[in-house]
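So the structure is just underneath, and the comments pick up after that.
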Amino acid sequence: MTMHDHIDQILFDEDRILARLDEIATQITSDYEGKDLIVVPILHGGLILVANLLRRVKLPLKMECLSVESYHGGTESSGEVTFNQLRLPDLKNAHVLIIDDILDSGRTLDAIGRKIVEECAPDSVKICVLLDKKTERAFEVHPDYVGFEVGDEFVIGYGLDYQGRYRNLPYIGTLKEEFI
């Protein structure tokens, strides 16, 4: 049995995801032309997205990764955002684009955005997410670039995981109940 046998439903296949990334990259290229852009991917979930998205952006840019956790192995945000590094990168006077896999409760992106604005003094901060989950949010966060909207369901693949697994699926889907 392979991990593909664990999938209940494929919501977005690889071709559809890559086509949408082409569109987002075109918009990012237009919006940041002539600006000092620093992309801040949120690890581990944003890794696949950022690799495929940034190859499509036609600008010189810098990248500084942040590692944070909020799910702590479950299927819902734990309510606690943990930063896994000692210091934030130097983002002063730069235009910052935070890239994350999914916006659900808003807790993680709110904490990251506030911390970056308060401690790093960038010129601007925008947010890009692959998925915008339509659910009740603990914090008001409005992404500037969105790949797709999803319902209030637990999704995996394309960087999204369940207990550290399934990030390497080339599509976004849902797990069969017996694997949760």
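Label-to-label distance, Ser30 versus Cys65, with points set 7 angstrom from Cα along the beta-carbon direction: 3.1 nm.
Normalised by 2.2 N^0.38 Å, with N the number of residues, the alpha-carbon radius of gyration of the chain equals 1.01. Between the C-alpha center of the range 1-65 and that of the range 91-118 there is a gap of 16 Å.
Remark: for residue pairs Lys35/Lys133; Lys134/Lys176; Lys62/Lys133; Lys35/Lys58; Lys35/Lys115, the C-alpha separation exceeds 19 Å in Lys35/Lys133; Lys134/Lys176; Lys62/Lys133; Lys35/Lys115. The antiparallel fraction among DSSP beta bridges confined to the chain stands at about 30%.
The ratio of the alpha-carbon radius of gyration of the range 80-178 to the globular-protein estimate 2.2 N^0.38 Å is 1.17. The dipole here belongs to the chain: it is taken about the Cα centre, uses +1 on the Cβ of Lys and Arg and -1 on the Cβ of Asp and Glu, and is about 600 debye. Label-to-label distance for Asp90 and Phe139 is 2.6 nm, based on points extended 7 Å past Cα in the beta-carbon direction. Largest first, the residues Asp90, Asp5, Asp100 sort by 1.4 Å accessible area into Asp90, Asp5, Asp100. Could you compute the FRET efficiency for His4 and Ser124, with r as their C-beta to C-beta distance and R0 at 41 Å, rounded to 0.05? My answer for the efficiency is 0.50.
Ranking Ile10, His142, Pro41 by how far each Cα lies toward the positive end of the dipole of the chain (charges on Cβ) leaves Pro41 at the top. One decimal place: the segment Leu18-Phe83 gains 20.4 nm when fully extended, by the rule 0.36 nm per residue minus the C-alpha distance.
Per residue, the range 1-136 exposes 52 Å² of accessible surface when a 1.4 Å probe is rolled over the protein heavy atoms with every protein chain present.
Peptides 156-167, 47-58 ranked from most to least packed, by the mean per-residue count of other Cβ atoms within 10 Å: 156-167, 47-58.
Here the accessible area is traced with a 1.4 Å probe on the protein chains. For the chain, carbon and sulfur cover 46 percent of it. The GluC sites (Glu not before Pro) of the range 84-180 that meet both conditions, a loop assignment by DSSP and at most 15 other Cβ atoms within 10 Å of the site Cβ, are Glu136, Glu140, Glu153.
The values are calculated or read from the model by the stated rules, or taken from the named source; none is laboratory data. Model, not experiment: these values are computed from the prediction. Because the Cβ atoms are built from the backbone with ideal geometry, glycine has one as well, and the counts that use them run over all protein chains shown. Quick note on the areas: whole protein, heavy atoms, side chains included, nothing else; ligands and nucleic acids left out. Shrake-Rupley method; radii C 1.70, N 1.55, O 1.52, S 1.80 Å.
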